[in-house]
Structure formats: C-alpha cells, structure tokens
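**Q** The structure is given below, and queries will be raised subsequently.
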Amino acid sequence: MRIFKTRNDAADACKSGKVSVNGTDAKPSREVKIGETVIVQRAPVAYTYKVIALIDQRQSAKNVPLFLENLTSPEELEKKHVVPFIQRESGTGRPTKKERRDLDELYEQCF
C-alpha cells in the first residue's frame with residue numbers, strides 16, 4: 001500500500017515487529033483485508049492506517065489516499081518535531097566509537 005518506499009523496507013519492518021495489523025504483529029507475506037487497521041512504528045511516531053480498498057498491482061504514491069485512510073492522531077504526529085539535544089562537556093574531544101554508536105542509536109529511535 002506504499003507505506004514504505006520499497007518492498008524490502010516493508011519486509012524488514014515486519015520482521016523487526018514494527019508493523020501490526022489489528023493489534024497482532026504482521027509477517028511480510030500477510031495479506032490485508034478491507035477495514036483492517038495497520039499500525040506502523042517509525043520512531044518516534046506510530047502511524048495508524050485503515051484499509052479502504054485493495055489493489056492488485058503497484059500504484060502511484062498520489063493514489064494512496066484512495067486505498068488507505070490515515071488515522072494517525074495529531075498528538076502522535078507532533079512527536080516528529082521533537083529533536084533530542086545531547087549535551088557534551090566542552091573540551092572532551094570527539095566521541096569515542098562506543099559514544100558514537102550510542103548517539104546513532106538515540107538518533108535512530110527519534111527518527
């Protein structure tokens with residue numbers, strides 16, 4: 001349904017438990033039905049969609065509103081605008097490899 005840019009991205013999200021259909025984790029091969037609710041966790045926002053219609057072939061991104069209804073609350077969408085700020089002591093130099101990994105992990109969780 002064009003929630004993800006590629007099928008591979010969608011499969012990876014399903015395998016890592018970031019996609020659920022009607023409250024249960026979805027496998028990459030799961031077929032959806034009309035009326036089902038799909039929740040996609042893209043840190044920090046959990047997007048909620050309702051399936052309106054099914055398609056049999058790939059569609060343009062501009063046609064997504066014909067097949068999916070976005071039910072994501074405005075409060076949930078506000079989470080996208082929260083940017084973490086990390087305070088480091090002046091003069092401590094560049095972050096170590098471990099600190100860099102921790103910073104990258106924090107950044108991934110926020111976006």
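The values are calculated or read from the model by the stated rules, or taken from the named source; none is laboratory data. Note that the structure is a prediction, hence the values are computed from the model and not measured. Methodologically, a virtual Cβ is constructed for each residue, glycine included, from the backbone with ideal geometry; neighbour enumeration extends over all protein chains shown.
**Q** In the range 65-77, which residue that is in contact with a strand residue (DSSP E or B) (Cβ under 7 Å, 6 or more places away or on another chain) and among the acidic types (Asp, Glu) is modelled with the lowest pLDDT?
**A** Within the range 65-77, the match that is modelled with the lowest pLDDT is Glu76.
**Q** Which of (1) modelled with pLDDT under 90; (2) surrounded by 10 or more Cβ atoms within 10 Å (Cβ to Cβ) does Lys62 not meet, given it meets every other one?
**A** For Lys62, the exception is condition (2).
**Q** Could I ask something else about it? Within the group Ala53, Ala10, which residue is in contact with a Phe, Trp or Tyr (Cβ under 9 Å, 6 or more places away or on another chain) and either exposed (fewer than 11 other Cβ atoms within 10 Å of the Cβ) or closer than 21 Å to Leu106 by Cα (or both)?
**A** Going through Ala53, Ala10 in turn, the sole match is Ala53.
**Q** Across the range 37-46, which residue is nearest to Asn63 (Cα to Cα) among those that are surrounded by fewer than 16 Cβ atoms within 10 Å (Cβ to Cβ) and either modelled with pLDDT of 95 or more or of a type in the set (Lys, Arg) (or both)?
**A** The qualifying residue nearest to Asn63 (Cα to Cα) is Thr37.
**Q** Yes or no: the range 14-35 includes at least one residue that is of a type outside the set (S, T, N, Q) and in contact (Cβ under 8 Å) with a residue 40 or more places away in the chain.
**A** No, because not a single residue in the range 14-35 is of a type outside the set (S, T, N, Q) and in contact (Cβ under 8 Å) with a residue 40 or more places away in the chain.
**Q** Under the condition of being exposed (fewer than 11 other Cβ atoms within 10 Å of the Cβ) and of a type in the set (A, V, I, L, M), which residue from the range 83-111 is farthest from Lys5 (Cα to Cα)?
**A** Ile86
**Q** Inside the range 47-59, can you point out the residues that are of a type in the set (Lys, Arg) and at pLDDT below 95?
**A** The answer is Arg58, and nothing else.
**Q** Taking only pairs six or more apart or across chains, which ones have beta-carbon atoms under 8 Å, a first residue in the range 77-98 that is under 20 Å from Gln109 (Cβ atoms), and a second residue that is of a type in the set (Lys, Arg)?
**A** From the range 77-98, the pairs are Pro95/Arg88.
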